[in-house]
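**Student:** What follows is a single structure, and I will ask about it in a moment.
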Amino acid sequence: MRQAIEEKFILDVLQNYMTYNTCFRIAKTMIDNPDVPSSRAAKVIRKYQELHPYNISQKSQIIVETFRDTTRHKIEGKGKMMVITSSRLAAVRYYHEIKRYIEEKKYDDVDILVAFSGAIDDKGEEYTESKLNVRKDGSHISENQTKAEFHDNFNVLIVAEKYQTGFDEPLLHTMVVDKKLKNVKAVQTLSRLNRTCEGKTDTFVLDFVNRQRI
């Protein structure tokens, strides 16, 4: 991998890898440093720290604002984000909370998909990937259409196990990690970002869970 990075066949995904604690420390300094531009994401990060360290609602806000502040401007405006969750239930709850936040803010530049296998029950209601994933015209997206739809029409993909290996999407720029990663699984997951394409010069990882950079 080192040789491939040096020869520019793939990108170094650890170049811009930030744990949540580091991200929060940077956000805190913005108040006292007029040379560092403020952003909605930084404000939400501070609020997240004040309320609860592992609250999906607060992390969802950070995810959306990070996408709007950073990801969507990358790769000539085509940058995409993947959110790595710890379980199918977490993926479903992230999906609902991110959708709620997008609607609350009336954002029209964030379009999300979710990817997981099988069905999961949450508070008495059963959810599947195809049930949750819906196009703007109201039609549902089958599991075998998710990859193509993400490439063509959506920009944030929330996953639970699925697509952490073997997923090839060059426009993927940002990864948010809310799951413990180690060993081969860490390499396989982060490597989803390293594909090169025209206009892609870097990547970004924001890690909520792993205390030190992987």
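Every number in this text was worked out from the coordinates using simple rules, so none of it is lab data. Bear in mind the structure is a predicted one, so any value in this text is a computation, not a measurement. Note that we place each Cβ from the backbone using ideal geometry, even for glycine, and neighbour counts take in every protein chain shown.
**Student:** What list of ³J(HN,Hα) couplings, whole Hz, do you get for segment 156-171 from phi and the Karplus terms 6.51, -1.76, 1.60, once you set θ to phi - 60° and write x for glycine and proline?
**Tutor:** 10, 10, 9, 10, 10, 6, 4, 6, 7, 9, x, 9, 10, 9, x, 7
**Student:** Something else about it: List the aspartates and glutamates whose alpha-carbon lies under 17 Å from that of Lys136, not counting same-chain residues fewer than 8 positions away?
**Tutor:** Glu103, Asp108, Asp109, Asp111, Glu149, Asp152
**Student:** May I ask you to order 57-65, 159-167 by the average number of other C-beta atoms within 10 Å around their residues, highest value first?
**Tutor:** With the highest mean Cβ count within 10 Å placed first, the list reads 57-65, 159-167.
**Student:** If you don't mind, another one. Amide H to amide H under 5 Å from Asp111: which residues, 5+ apart in sequence or cross-chain, H placed 1.01 Å off N in plane?
**Tutor:** Counting only residues 5 or more places away or on other chains, the set is Asn155, Val156.
**Student:** Here is a further query. Tell me which residues come under 5 Å, amide H to amide H, from Val177 once H is placed; ignore anything under 5 positions away on its chain.
**Tutor:** Residues meeting the amide H criterion: Ile84, Leu206, Asp207, Phe208.
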